[in-house]
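Working notes, beginning with the structure itself.
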Amino acid sequence: MDFNQFDSVSAAEKGADCHLKHPATLKPLFDNPDDPTVDNGKPCLAVVLGAEAPSVRAASRARQKARAEADDGDEKADDENTLEAVHERMVEAMVPRVLGFKNVRKGKAPATKADAAWLFGLNRMNAQEGEMSFAEQVAAFSAKRGNYLGNASAD
């Protein structure tokens, strides 16, 4: 058996399409001006690197190093554990994972990789079951190996 089919590290570096969902209802979104939750064959996708990608891991180490160098030895402020702070750290981690978008617009212009922070700033974490901000959706997608590796079974 060729075990290269289980190379999730390489697959994660190629990226995969994350179908974005409505942040309040989690219904899949489509580029449909009549109703964005009705499938018209144009899914709203973020092309996302997987958490196992070497570039993602390098970016994470660089963020951790920068944070450690900026730490002046004081105890962490209480406000670093707020949902707002957690969301901001998540956005910081997810922006580099976005390779681009399909069927997502910022106004009339197609969204690009440079618009990832804009998208993630449209809504925030709110700790409500059954709701997920765009940043949370991308984080969950990026972390799941199956989104990149797929089902390798030949059955």
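The figures follow:
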{"quantity": "Sorted by Cβ neighbour density within 10 Å, fewest at the top, the residues 38, 47, 138, 95", "calculated": "38, 47, 95, 138"}
{"quantity": "Nonlocal Lys pairs with alpha-carbon distance under 17 Å, the range 9-148 (8 or more apart, or different chains)", "calculated": "13"}
{"quantity": "30, 120 arranged by Cβ crowding within 10 Å, fewest neighbours leading", "calculated": "30, 120"}
{"quantity": "Most mobile of 51, 135, 143 in a GNM of the chain (Cα contacts under 10 Å)", "calculated": "143"}
{"quantity": "CD proxy at 222 nm, helix term only [per DSSP H run n ≥ 4: -39500 (n - 2.57); per residue of the chain; nearest 500]", "calculated": "-10000 deg cm²/dmol"}
{"quantity": "Sorted by Cβ density within 10 Å, fewest first, the residues 20, 83", "calculated": "83, 20"}
{"quantity": "Built amide H within the under 5 Å cut-off of residue 22, gap 5+", "calculated": "27, 29"}
{"quantity": "Simple label model, 7 Å out from Cα along Cβ direction - residue 144 to residue 35, nm", "calculated": "2.5 nm"}
{"quantity": "Potential lengthening between residue 65 and residue 3 on full extension [0.36 nm per residue; Cα-Cα distance subtracted]", "calculated": "18.9 nm"}
{"quantity": "Charge dipole (debye, nearest 20) of the range 9-148; +1 at Cβ of Lys and Arg, -1 at Cβ of Asp and Glu", "calculated": "840 debye"}
{"quantity": "Given (1) 14.8; (2) 17.0; (3) 16.4, the label whose value is Kirkwood radius over Cα pairs in Å derived from this model", "calculated": "(2)"}
{"quantity": "Cβ-based charge dipole, the chain, positive-most Cα from 127, 100, 81", "calculated": "100"}
{"quantity": "In nm, spacing of pseudo-spin labels at residue 82 and residue 131 (7 Å Cα→C-beta vector)", "calculated": "1.7 nm"}
{"quantity": "Extreme residue, positive dipole direction of the chain, given options 62, 90, 111 (C-beta unit charges)", "calculated": "111"}
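Each value in this text was obtained by applying a stated rule to the coordinates, not by laboratory testing. Bear in mind the structure is a predicted one, so any value in this text is a computation, not a measurement. Cβ coordinates were reconstructed from backbone atoms using ideal geometry, including for glycine residues, and neighbour counts include every protein chain displayed.
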